[in-house]
Amino acid sequence: MDRKSFKNARSLILCIVGIGINIILSKLVGFLGIPLYLDAVGTVIVAALSGYIPGIIVGLVTNIIKFFAGDSSAIYYGTLNVIIALVAAFAVRKSFHKKFYGVILTILACTFVGGVLGSVLTWFLYGFASVGITSDLARFIFDHSHMNEFFSQFTADVLTDLLDKTITVLTGCIVLWILPDDFKRSLRLYGWRQTPLNRNLRDEVHKVVTGTSSLRTKLTVLISVATITIAVAAISIGFVLYRDGIIETHKQMGRGVADYAASIVDGDMVDEYISKGNGAEGYDSIYSRLEAIKASSGDIEYLYVYKIMDDGCHVVFDVDTEDLEGADPGEIIPFDDSFSEYIPTLLEGGEIDPIVSNDTYGWLLTIYVPVRDSAGNTVCYACTDISMSNLTDECYSFFAKEISLFLGVFILILAIGLWLAHYNIIMPVNSMAVSAGEFAYESEESMEESVERLRELDIATGDEIENLYHSFVKTSEDSVHYVSDIQTQAEMISKMQSGLILVLSDMVESRDECTGDHVRKTATYSGVILEGLRELGYYTDVITDEYISHVVSAAPLHDIGKIKIPDRILNSKQKLTDEEFEAMKMHTIAGRDIIDKAIETVPDSGYLVEARQLAEYHHEKWNGKGYPHGISGEEIPLSARVLAVADVFDALVSKRSYKEPFSFDKAMEIIKEGSGTHFDPKVVESFIHMRDTIKSVADEYSKINNKLYDNGIFH
């Protein structure tokens, strides 16, 4: 037996124990004559420890066993026990047993179910004080108060049930307080078709709702509608058949009584009975026998013998009732309107079908049987009236029993259906949804971890859900491999792109015989300055990791426009003429135009946008005296303001064929002096803030360049 089966076996054993507790306690209080039920103690304990379904099963089975053990009414109260199980399971779910007010609310809720609903059900089933342990108390309240029968019964039921449910709920709470948490968790009924989720994951999965309603709601509605539709059809058919059957049964019973009454009346003596009454021979004997017939059945409302004549019904015999004294022989009773269509037949001595009327004497089922004389002629009719109100009460009682039986079974079917749907559909689907929503693509390691979490769900419903799960896992694995390949290719393309940029930059710079590693150094310095600005809290809405990456990648292209400057100007040993200097300044515009064409080919490349700004604006000055546009301040793009500092600093500290490098400190002083005129003061502040890092970079490149000069590579 696997662990899941073992745990559910514990729930089954607990159900058996709960049923035993209910039966034993209810028998015990009955044996001792204590006016309590205590038949829901086991239900509350099981529902609290194991959940809704075990509690419902205990509640239903308890009442079924009591029914077969001789308590015929118990079967109809099973629904109340089922609802109490729901209340107990809900209360534990909300931790009501841990709070004083929660315990009180649970007691009141159970009392409402057992006392209020139970009292109403009892009233419909049996009427006033006819059955149950509260009948004596109900009669006492009725006799000693101004309450009517219903409220006397209601008060007795609620008071008794309040005490009963207080003992029941407190017993359940004591069990919960005593048992260890681990043991209580081991008794829960689970139906996992996947790796069980911990509480945090379960809470997260339960929050997964899309659209206007959850799958749980739709399944609840579907199961409820299907069950209720079938139940309504079955109950309606059952009710109609029962009503028709009971009416037919009473018709047959009424006809039998009327036939017997007709058989004991001497048809030849009818006129003498009418004229002399009890003075006629044998009148009293017949009357006594008619009284005995009426007393034999509580369903007979009236029993009488009428002679039908044109002026009305002439009384032959009319048996007294508790509420109404019978008419005297010879008295004429007017015809009721409901009999008008039958009068001709009755006057002719014919037979008529049973009549349902609602006239002078109430709502009645009337049966007329002819009384014949020795010649075979109809001389009068023996009549039986059966109260339709009593028949209706019986029908309502039957209907209440049907509803009571249905509700208990309905709740069980709904609970089992939702339980199966929860573990076989809702949890697997929502678990996959949560896993998909939390799938991480940041790195190959995070993607593998996400796939592993998906594999760990191990959904095994044995149906289309499991097929979907396996397809989902395979698709995720394939996606990870595909994304990994794309990332690898993207890295290769990025490296190739960066390499091509540097090669292109080197090709441009190689025309300038004095620049060396200028493009690489300015790119490095730019990155350091941007990091410094971020540390100082400047331009934080702009400076992101992606922005820094774009600027560093684009920086080598800032002088791409020099490719269009003639060699004689680019490498002139003399001071440039005004005309030549104007031509030299055009490398900024030329660079912008070159990169614009590249952007048309690759429009979504962020680094190219920065490259365009660097190419066009890196010679602009903070005070507006730069070129090509003479813009100032923050009109100059931030990347260009940063590169301006990096570009000038590298020129100062680099060795050229026509000059020796400035010292690091001297170069720093020159940059400081340019703050607020040539350079953005915040950029200069960052440059100084990152002094140590800048010096390390400068020293490293200085060593490389010195070797190149010593080897004659630069001249």
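Numbers for the structure displayed
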{"quantity": "In the range 615-645, residue farthest from E700 (Cα to Cα) [restricted to those that are modelled with pLDDT of 90 or more and aliphatic (A, V, I, L, M)]", "calculated": "I631"}
{"quantity": "Condition check for A258: assigned to a helix (DSSP H, G or I), more than 30 Å from L414 (Cα to Cα) and small (G, A, S)", "calculated": "yes"}
{"quantity": "Residue selected from the range 565-575 under the condition buried (at least 16 other Cβ atoms within 10 Å of the Cβ) and assigned to a helix (DSSP H, G or I), by the criterion modelled with the lowest pLDDT", "calculated": "L570"}
{"quantity": "Enumeration of residues in the range 371-428 that are hydrophobic (A, V, I, L, M, F, W, C), outside any helix (DSSP H, G or I) and closer than 29 Å to A295 by Cα", "calculated": "V371, V379, C380, A382, C383, I386"}
{"quantity": "Some residue of the range 414-435 being free of Cβ contacts under 8 Å to residues at least 60 places away in the same chain and either surrounded by fewer than 18 Cβ atoms within 10 Å (Cβ to Cβ) or touching a strand residue (DSSP E or B) at 6+ places or on another chain (Cβ under 7 Å) (or both)", "calculated": "no"}
{"quantity": "Test for A375: is it in contact with a Ser or Thr (Cβ under 6 Å, 6 or more places away or on another chain) and surrounded by fewer than 17 Cβ atoms within 10 Å (Cβ to Cβ)", "calculated": "no"}
{"quantity": "Top-ranked residue of the range 337-370 - restricted to ones that are part of a strand (DSSP E or B) and of a type in the set (S, T, Y), ranked as farthest from the chain's Cα centre (by Cα)", "calculated": "Y368"}
{"quantity": "Some residue of the range 384-402 being closer than 19 Å to G267 by Cβ and surrounded by fewer than 18 Cβ atoms within 10 Å (Cβ to Cβ)", "calculated": "no"}
{"quantity": "Set E620, E634, E600, E582: member being surrounded by fewer than 14 Cβ atoms within 10 Å (Cβ to Cβ) and closer than 19 Å to A646 by Cα", "calculated": "E634"}
{"quantity": "Only listed residue being modelled with pLDDT of 90 or more and not acidic (D, E), chosen from V120, V103", "calculated": "V103"}
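The values are calculated or read from the model by the stated rules, or taken from the named source; none is laboratory data. All values derive from a computational prediction rather than experimental measurement. In this analysis, Cβ positions are derived from the backbone assuming ideal geometry, glycine residues included, and neighbour counts consider all displayed protein chains.
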